[in-house]
Number of protein chains: 2
Amino acid sequence: MSSIDHIPNVEFLGDGLPFVGRIREIIEVIQLFEDFEPDELEGLARYMRCYRAPLGTEIICEGDAGDFMLLLLDGSVEIVKKDIRGLAQIMATAGPGKTLGEMSLIDGEPRFASCVALDSVAFAVLDREGLSRIITEEPRIGVKLLMELLMLLNQRLRSVSKQLMDCVEARRSRIR
Amino acid sequence: MSSIDHIPNVEFLGDGLPFVGRIREIIEVIQLFEDFEPDELEGLARYMRCYRAPLGTEIICEGDAGDFMLLLLDGSVEIVKKDIRGLAQIMATAGPGKTLGEMSLIDGEPRFASCVALDSVAFAVLDREGLSRIITEEPRIGVKLLMELLMLLNQRLRSVSKQLMDCVEARRSRIR
């Protein structure tokens, strides 16, 4: 059981194996799996759990302790974060192939933002326990997944650092 | 040979094993190694190469292709990045125990900032080839290192994302 199992209206669909076909259909947009071979995808899918949630479900809730990431298979979500006044601001929307929640999978720290279903969504979940089991039981796939997670976080860190530099620069030129 | 071997005035000191004592002295401030046991540190040190560089050496050069990270053992460096006008801005200084250049170790993309020696510095280098070899030859240590790198990048991503949110918020309130 991971924390996803405690969210109302979320229906458990079983492990990821029956969804490997869907994963392959959208593999080109799944950055995290881009270097995975078909047999590795099947190996990985055994450690994932699939769910469906209706429109409006808050699948990930800002501030909650998190222990899983998810891969969107069908439908889309809105990524929402509260500003300093506590007002929810829409940061982005995400569709099939997008992975969400990797940061809390890795460190278990509170969620940075919320994800709310914009329609009926299906998604595959990998939790901390699943990640540990892959590394122990299927080290080749585990190392590959860790490398892909590193690449993904690294790319995000470069992108956010660049945005921060630009923002600081823009503030400086307004102040001058 | 990694790209560090092409920088003038940088003296090669051998592999990391003779420096394990120094690494242990500063281990409490080496975030990357905080969960490493003494035997794992020794295992890792075999895959690292140590160097010394005099005051003023640009150990890492913004924009260059990078293939290594470094661990500062002695001395300190200034982290410098060019602003949009091309003027070098000091972003931070770093001393013994600090690791630098992890992003380019992982993705080989151009360096985000430069590192310039503020005095005579000694440092241990882990390059891409060393990382691949650890994963293949010492998978237990390799997986641990990947997990620690993930934790480190993750923490930085949270911190930079928070700073970006604050900066955007501050700009908004100035504009209003």
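The mean of 1/r over all pairs of different alpha-carbon atoms in the protein assembly as shown, once inverted, gives a Kirkwood hydrodynamic radius of 21.9 Å. Here is how far apart the A:Ser173 label points are across copies: 2.4 nm, shortest first, using a point 7 Å from Cα toward Cβ. So what's the angle, to the nearest 10 degrees on a 0 to 90 scale, between helix A:128-137 and the longest Cα principal axis of chain A? That helix lies at roughly 50 degrees to the long axis. With each label point set 7 Å from Cα along the Cα-Cβ vector, what nm distance links B:Glu78 and B:Glu129? Simple spin-label model gives 3.3 nm for this pair. Peptide B:142-154 shows a mean partner chain C-beta count of 5 within 10 Å per residue C-beta. Among A:Ala88, A:Ala65, A:Ala124, whose mean-square fluctuation peaks in a Gaussian network model of chain A (Cα, cutoff 10 Å)? Of the options given, A:Ala88 has the highest mean-square fluctuation. Relative to the longest principal axis of the Cα atoms of chain B, helix B:139-175 runs at roughly 10 degrees. Put simply, the C-alpha atoms of the stretch A:36-131 give a gyration tensor, and the ellipsoid matching it has half-axes of 24, 16, 10 Å, longest first.
With 0.36 nm allotted per residue and the present C-alpha distance subtracted, the A:Ala92-A:Phe12 stretch has 26.2 nm of extension available. Placing a label point 7 Å from the Cα of B:Glu11 along the Cα-to-Cβ direction, the distances to the matching points in the other copies come to 7.1 nm, shortest first. Computed on the stretch A:1-153, with alpha-carbon pairs under 8 angstrom and 6+ residues apart, the relative contact order is 29 percent.
Computed over all pairs of different Cα atoms, the Kirkwood value for the hydrodynamic radius of the stretch B:3-175 is 17.0 Å. Here B:Glu42 yields copy-to-copy label distances, from shortest upward, of 4.3 nm, the label point defined as 7 Å from Cα along Cα to C-beta. The value given for the stretch B:15-85 is a Kirkwood hydrodynamic radius of 14.1 Å, derived from the mean inverse Cα-Cα separation.
Pick from A:Met69, A:Met103, A:Met165 the residue whose mean-square fluctuation is largest in a GNM of chain A, springs joining Cα atoms under 10 Å. Fluctuation is largest for A:Met165.
Read-outs throughout are calculated quantities, based only on the coordinates presented, and are distinct from any laboratory measurement. This is a predicted model, so every value here is computed, not measured. Don't worry about glycine lacking a Cβ; one is built from the backbone with ideal geometry, like all the others, and counts go over all protein chains shown.
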